[in-house]
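Working notes, structure below.
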Amino acid sequence: MLTNGEISLDALLPPEMAKKAEAIGVKKASLDLLSMFALAVLAGAFIAMGAIFSTTVSAGSTLPYGVTRLLAGLAFSLGLTLVVVGGAELFTGNVLILMAFANGKVSFGALLRNWLVVYLGNFVGSLATAGLVFLSKQYTFGNGVVGLTALNIANSKSALEFVPAVALGILCNALVCLAVWLTYSARTTTDKILAILPPITAFVAAGFEHSIANMYFIPLGLFIKNWAPASFWGLKALEEAGKTAGSFTALTWGNFFVNNLIPVTLGNIIGGGVLVGLVYWFVYLRGHKG
């Protein structure tokens with residue numbers, strides 16, 4: 001039993017986590033628009049930083065496929081760590097506001113307002129970071145191997161079919177929201193980081209689809225394909241792979257939105273909001289609206 005002044009370092013149990021998730025959802029939905037948008041821009045940039053790290057780590061790897069994907073996933077975990085510990089508004093995590101909505105604590109209008117503002121802010125942050133990375137010419141590093149990896153990632157994501165893209169989005173955000181859910185049990189920063197690592201590493205290693213990450217991955221590929229100087233295509237990595245701008249046929253702005261962003265976003269809402277948020281609401285909060 002705790003005495004006055006003592007602080008418990010025991011992890012919160014799931015029923016308490018559900019109450020915390022509801023309270024956080026109410027707080028997120030009630031943010032003023034400017035703060036909400038600014039924090040969303042930050043989250044888009046933070047996720048992009050994880051994507052940059054992940055792309056760089058996997059570039060030119062000669063390790064077995066699974067090992068390379070494991071390392072890429074560990075690197076990508078930087079993104080959600082920055083969001084959760086640093087404080088920012090991420091659309092894929094904010095689908096958990098459905099828990100507060102289902103319990104009558106957040107109105108439908110407030111829910112949609114948060115999702116729309118945060119989604120747009122995430123897009124701005126991700127796209128701006130992609131633009132900055134392109135201007136930095138970081139894609140030329142390693143004799144072009146970083147840029148080649150970025151192009152291959154963007155092209156493969158742009159070539160997805162609708163149903164697989166939705167399914168990959170569902171699987172991804174189930175894991176992302178489970179990572180966020182686990183952080184609600186945490187008492188310390190270390191707890192939060194350790195809770196984030198396994199689910200985020202798993203979704204990246206498995207090749208699942210995250211809408212906000214794709215707001216960085218695919219635009220960067222498009223910037224390189226359309227605007228990289230001729231000297232880039234002559235770098236060793238591109239020449240050895242026999243790649244030119246015309247090699248990446250699926251990589252178009254239309255395919256970015258239609259083949260990837262729209263279906264993946266729908267999948268992310270289902271995977272995180274329904275399979276995680278509403279399930280935990282049903283188990284722990286249903287019938288407890290006090």
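Solvent-accessible area per residue in the chain equals 45 Å², computed with a 1.4 angstrom probe and all protein chains kept. Placing pseudo-labels 7 Å out from each Cα toward the beta carbon at K137 and L34 gives an inter-label distance of 3.9 nm. Share of region 14-285's accessible area from carbon and sulfur, percent, 1.4 Å? C and S atoms contribute 72 percent here.
Give me the angle, in degrees from 0 to 90, between the Cα long axis of helix 108-136 and the longest principal axis of the Cα atoms of the chain, rounded to the nearest 10. It is inclined by approximately 30 degrees.
Straight-distance candidates among the aspartates and glutamates for linking to K105, with alpha-carbon spacing under 18 Å and chain neighbours fewer than 8 residues away dropped: E16, E22, D32. In a simple Cβ point-charge model (Lys, Arg +1; Asp, Glu -1; nothing else charged), region 180-246 has a dipole of about 120 debye relative to its Cα centre.
A P(r) calculated from all alpha carbon pairs of region 136-287, with 10 Å bins opening at zero, reads 11, 32, 28, 19, 8, 2, 0 percent.
Considering only A202, G144, N155, the residue lying farthest towards the positive end of the dipole of the chain is N155, judged by Cα position with unit charges set on Cβ.
Classified by the C-alpha gyration tensor, region 1-128 has an oblate form. Its axis ratio a/c, with a ≥ b ≥ c, is 1.5 or above, and a/b does not exceed b/c.
Based on DSSP H segments of at least four residues, each scored -39500 (n - 2.57), the chain has a per-residue ellipticity at 222 nm of -22000 deg cm²/dmol. Entry note: region 246-290 has Rg to Rh equal to 1.37, where both radii use alpha-carbon atoms and Rh is the Kirkwood radius. The simple spin-label model puts a point 7 Å past each Cα toward its Cβ; for L120 and S61 those points are separated by 3.7 nm. Charge dipole of region 14-285 (Cα centre as origin; +1 on each Lys and Arg Cβ, -1 on each Asp and Glu Cβ, all else neutral): 220 debye, rounded to the nearest 20.
The values are calculated or read from the model by the stated rules, or taken from the named source; none is laboratory data. The structure displayed is predicted, hence computed values, not measured ones. Every residue, glycine as well, gets a Cβ built from its backbone with ideal geometry; the counts of neighbours run over all protein chains shown. The area values use the complete protein model at the heavy-atom level, side chains included, leaving out ligands, DNA and RNA. Shrake-Rupley method; radii C 1.70, N 1.55, O 1.52, S 1.80 Å.
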